[in-house]
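So the structure is just underneath, and the comments pick up after that.
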Amino acid sequence: MSEQTALTVSEVLQQARSSLERIRVAVVGEISEVSDRPGYKAVYFSLCDGDAVLPCLMWRREFDATGLTLTQGALVEIEGFLTVYAAKGRLQFQVRRLALAGEGVLRMQVAALAARLQAEGLMGDERKRPLVELPERIGLVTSPRGKAVHDVLRTLERRYPLAEIVMAGVQIEGRGAVGEIVAGLSAVGEAGVDVVILCRGGGSYEDLMPFNDESVARAVIASPVPVVTGIGHEPDTSIADLVADLRASTPTAAAEAVAPSMDEVARRLDHFASGMMRGLSASTQSARHRVRALASRPVLADPYALVSRQSQRLDSAAEALDRALPVRMERDRQRLETLEGALKTSGSRVLERVRLRKDALGDRLRDLSPLGILGRGYSICFDADGVAIRSAALLEPGMGLNVRFAEGRAGCTVDSVDMEGT
Amino acid sequence: MSEEDKEREETQVAEMRFSEAVAELESVVRDLESGTLDLEDSIERYERGVALLEVCRSKLEDAQQRVTTLMGELEDEQSSPDASSDASGE
């Protein structure tokens, strides 16, 4: 026997346990037994590969978190560490991570594709297009069966019934899904929409695989309008989500992202209405202000002001006129007087001359007057009618005659008439 | 504006797409709020805005969702695989 102190059973098992628990490994195997009973603190199963069997346990809480149901023959990948259950002297594998083996491979493939597309710059934020605020037509690529499509339609109807929905009902899992999704995206794009919703309800990782397909990813990238994805309910993000213009967590969330709510739009319209009224009111206010300002200007407020200057001019002109007239008149009067005086003087001179002439003419007249002739010894005979007799032929003996002399007259009677010597 | 022109403008506004009408309404409000228009223009723009507002509001009120199906048949939510599906999408 060696000098080493002998260990107890517990001690040796404890040592083994300590050694084993330090090593974390991943193991792939097929499930050969499952013991999943409610009330038990852990789920027990066995993993085998045909040659060996590994008993496993996973604490219930952690197991439930995986959401998996273990079935006989399922290929799984576990991660954890070996340990010893001392009471039974058994080897156990404590599972920390559990996944379906297929899923593990798939995840790796997806990760690789994602890296490649990212390297091509297809996931960059600068590529993501903004959504139209008020879409006229909304494209919808999803399964025509199930809850998701109706959730989306209901949400869109409630929020924004104005938009027409252009739907491509496609297969969203299994073989053929990829082809149909790509065809659906293409059809909807060609139909002319403002935005596309690509969505599906929840499912397993495998169910969601079509949305990790490269063709689908490239079809999303090639869409002429923004694509909003709403794939599954889990936190897992598919490649379609990564290359989309906007990722929503669920189909309903995608619908909400795409369409404004009626309330929002109605409020916006109200906002416009009040903005318009304010604007118009401001315009009329300013116009009113201008008019009022002009109305209060003196030329309009007191129109007499306009004529006052002119009328004052008139007044002072009238005044000047009044003053000027008498002066003028006085001047004229003086002129008149002067003229009168002059007239008088020259008038009397003229009169004098006229008188002289008159006298002279008077004299001549007297000389020529028959009475003057009488002075020379002639006499005039008038008949009884006072008509001067020029011819004796008019006389008859016994006729009465008046004879006028230079001095005095005589009444005569005709004794005889003699026409001889005429 | 003549009666004819008014009518033509009314039909034109009624035929506008909702988003177009909203966009024009936005510009009307901007014009009015800018305070650079004279009185007649302000009134004219305001009237245009009111017409657009009417159309927008009535479109909102009357709006009914239309679904056009390019491929696949929309199934009723409650329908079982065997029942003949009522294609509720046009």
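The values are calculated or read from the model by the stated rules, or taken from the named source; none is laboratory data. Everything quoted here is computed from the prediction, not taken from an experiment. Every residue, glycine as well, gets a Cβ built from its backbone with ideal geometry; the counts of neighbours run over all protein chains shown. Only protein heavy atoms, including side chains, enter the accessible area calculation; ligands, DNA and RNA are left aside. Shrake-Rupley method; radii C 1.70, N 1.55, O 1.52, S 1.80 Å.
Worth pointing out:
- Relative to the dominant Cα principal axis of chain A, helix A:147-159 is inclined by about 20°.
- Inter-part distance where the stretch A:334-354 and the stretch A:106-181 are each reduced to a Cα centre, Å: 132
- Amide proton proximity set for A:E136, modelled H, under 5 Å, gap of 5+: A:D194
- Relative contact order (%) - the stretch A:222-334, alpha-carbon pairs under 8 angstrom, separation at least six: 14
- Note on the protein assembly as shown: antiparallel DSSP beta bridges, both residues inside, total approximately 60 percent of the bridges counted.
- Structure-based [θ]222 nm, the protein assembly as shown - -39500 (n - 2.57) summed over DSSP H runs of at least 4, per residue, nearest 500: -16500 deg cm²/dmol
- With the gyration tensor restricted to C-alpha atoms of the stretch A:47-89, the semi-axes of the equivalent ellipsoid amount to 19, 17, 9 Å, longest first.
- Accessible-area rank, largest first, for A:Y205, A:Y40, A:Y378, A:Y160: A:Y378, A:Y40, A:Y205, A:Y160, with all protein chains present and a 1.4 angstrom probe.
- Residues A:M167, B:M71 ordered from highest to lowest accessible area at a 1.4 Å probe: B:M71, A:M167.
- Residue among A:L82, A:L294, A:L98 with the largest mean-square fluctuation in a Gaussian network model of chain A, springs linking Cα atoms under 10 Å: A:L294
- The label point for B:E24 and the one for A:R353, both projected 7 Å from the Cα toward the Cβ, are 10.6 nm apart.
- Rounded, prolate or oblate (a/c below 1.5 giving rounded, otherwise prolate when a/b exceeds b/c) for the stretch A:286-345 by Cα gyration tensor: prolate
- Computed extension gain for A:V414 through A:K128, at 0.36 nm per residue and net of the alpha carbon distance, reaches 85.9 nm.
- Over the stretch A:1-151, the ratio between the Cα radius of gyration and 2.2 N^0.38 Å evaluates to 1.63.
- The label point for A:K41 and the one for A:R96, both projected 7 Å from the Cα toward the Cβ, are 2.0 nm apart.
- Coupling constants for the stretch A:26-41 follow from the phi torsions by the Karplus curve (6.51 cos²θ - 1.76 cosθ + 1.60, θ = phi - 60°), and in residue order they are 10, 10, 10, x, 9, 7, 10, 8, 9, 10, 10, 10, x, x, 6, 6 Hz; glycine and proline get x.
- Seen against the Cα atoms of chain A and their longest principal axis, helix A:177-191 is set at about 0 degrees.
- Note on chain A: with a GNM built from Cα contacts shorter than 10 Å, the maximum mean-square fluctuation among A:S215, A:S143, A:S391 falls on A:S391.
- Accessible area per residue was computed with a 1.4 Å probe on protein heavy atoms; A:T252 scores about 40 Å².
- Taking θ as phi - 60° and the Karplus parameters 6.51, -1.76 and 1.60, the scalar couplings of the stretch A:224-232 work out to x, 10, x, 10, 10, 9, x, 10, x Hz in sequence order, x denoting glycine and proline.
- Residue-level accessible surface for B:E54, protein heavy atoms, 1.4 Å, Å²: 120
- Cα gyration tensor, the stretch A:325-367 - rounded (a/c under 1.5), prolate or oblate: prolate
- Area accessible to solvent at A:K147, 1.4 Å probe radius, in Å²: 130
- About its Cα centre, the dipole of the protein assembly as shown is roughly 3380 debye, where the only charges are +1 on Lys and Arg Cβ and -1 on Asp and Glu Cβ.
- Acute angle (nearest 10 degrees) that the helix A:262-295 long axis makes with the longest principal axis of chain A, alpha-carbon atoms: 20
- Selected from A:H271, A:G232, A:I197, residue furthest toward positive end of dipole (the stretch A:181-283; charges at beta carbon): A:H271
- Net length available on complete extension from A:R116 to A:R60 is 16.4 nm, with 0.36 nm assigned per residue and the Cα-Cα distance removed.
- Working from label points 7 Å from Cα in the Cα-to-Cβ sense, the A:A222 to A:L68 distance is 3.6 nm.
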